[in-house]
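Everything on this sheet refers to the single structure shown next.
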Amino acid sequence: MATSLNNLKNRLGSIKSTKKLTNAMKLVSSAKEKKLSNEYNLAIDFYNRFLSIFNNTIFINPNNPDCDSFNNNLLKNYESEKRLLIVITSNNGLCSGYNNEVIRFLKNYYQKNDEILIIGEKGRNELIKEDIEINEQFVGYLKEQTDNFDDLKNYLVDVFNKGIYREIDLIYTHYYNSLISKVEAQKLLPIDIKENKKRNYSPTFEPTKDEIINYLIEEYLYYTLFIKIFDSRIAEESARRLAMENATKNADELIDDLNLEYNKIRQSNITSEINEVSSASKIAKR
């Protein structure tokens, strides 16, 4: 019985130590999630304003054919069988099913001849188990860079201009709120030009139309990469916070169960000792 009690004490001590760790990690992830969410709200406001400028400058209008005469390779449709899928996963673990959801979505989205550019070591580790060819050039990108996506943007512009891919898509996790995130896909290239019936005119460009269009298109690609990857970061921290919160709750339940078992055994031992003393006392009186 003593050995059993000692084992329970050791388990309780171990679980309480783990609980302290998971609770601390939950608090850290919660703070990071809140900070990223506040920064994202500012960033998405800027991005939406930029999209408004973009869609009022580069658009199609059936009443004004000149509006769709844009000379930029990032708007072209290439006749290639390949798509490039940029997949955003995490570099760190302990974020529950975050990476699993991304990989599950990818497997359903993936088509024959697709190529994958993986960002995040956890996603790379999962995909190398599959019979899928992956490009690991930017695998540790989010770990090393600080919100500078020029290298990635320039790489995508280069490979698309060469006509290697008919389409480049981004697979990321969209953060809806503190409880809900969802894996989604967005086509990055070629850029789809929207119809704008409110603008029955051709904008006046200064210095030149091509210079302005080329600048806006590359900025669009940069900011779209920025905002979607930023979105994934918040979703990752949210998943990590939820995982640590659940681990802490599980530890609490396990501690309660072990405390109950410990008290039962302890009470049983006390009862046995009382019975032994009582029996010994009766024998002595005889």
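If we keep just the residues of the range 9-28 that are more than 12 Å from Leu242 (Cα to Cα) and among the basic types (Lys, Arg), which is surrounded by the most Cβ atoms within 10 Å (Cβ to Cβ)? The extreme case among them is Lys19. Do you know which of the residues in the range 172-216 that are open to solvent by 80 Å² or more (accessible area, probe 1.4 Å) and assigned to a strand (DSSP E or B) is nearest to Ala239 (Cα to Cα)? Residue satisfying both the conditions and the ranking: Lys182.
Considering the range 35-88, and only residues there that are β-branched (Val, Ile, Thr) and assigned to a helix (DSSP H, G or I), the residue that is nearest to Lys194 (Cα to Cα) turns out to be Ile53. Exactly one residue out of Asp151, Asp231 is among the acidic types (Asp, Glu) and over 30 Å from Leu27 (Cα atoms): that is Asp151.
Here Asp131 fulfils each of the conditions (1) exposed (fewer than 14 other Cβ atoms within 10 Å of the Cβ); (2) in contact (Cβ under 8 Å) with a residue 12 or more places away in the chain apart from (2). One residue stands out among those in the range 139-171 that are open to solvent by 10 Å² or more (accessible area, probe 1.4 Å) and closer than 13 Å to Ile229 by Cα: the one that is modelled with the lowest pLDDT, which is Gln145. Apart from one condition, Lys129 fits all of (1) in a strand (DSSP E or B); (2) out of contact with any helix residue (DSSP H, G or I) (no Cβ under 9 Å at 6 or more places or on another chain); the exception is (1). Filtering Ile132, Ile119 for residues that are over 23 Å from Ile213 (Cβ atoms), modelled with pLDDT under 90 and among the β-branched types (Val, Ile, Thr) leaves a single hit, Ile132. Restricting to the range 87-112, and then to whatever is over 13 Å from the mean Cα position of the chain (by Cα) and under 21 Å from Phe138 (Cβ atoms), can you tell me which residue is most open to solvent (accessible area, probe 1.4 Å)? If we take residues in the range 87-112 being over 13 Å from the mean Cα position of the chain (by Cα) and under 21 Å from Phe138 (Cβ atoms), then Lys107 is most open to solvent (accessible area, probe 1.4 Å).
The values are calculated or read from the model by the stated rules, or taken from the named source; none is laboratory data. None of the values given here were measured: they were computed from a predicted structure. No Cβ is skipped: glycine too gets one built from the backbone with ideal geometry, and neighbour counts run over all protein chains shown. Protein only, heavy atoms only, side chains kept; ligands, DNA and RNA dropped before computing areas. Shrake-Rupley method; radii C 1.70, N 1.55, O 1.52, S 1.80 Å.
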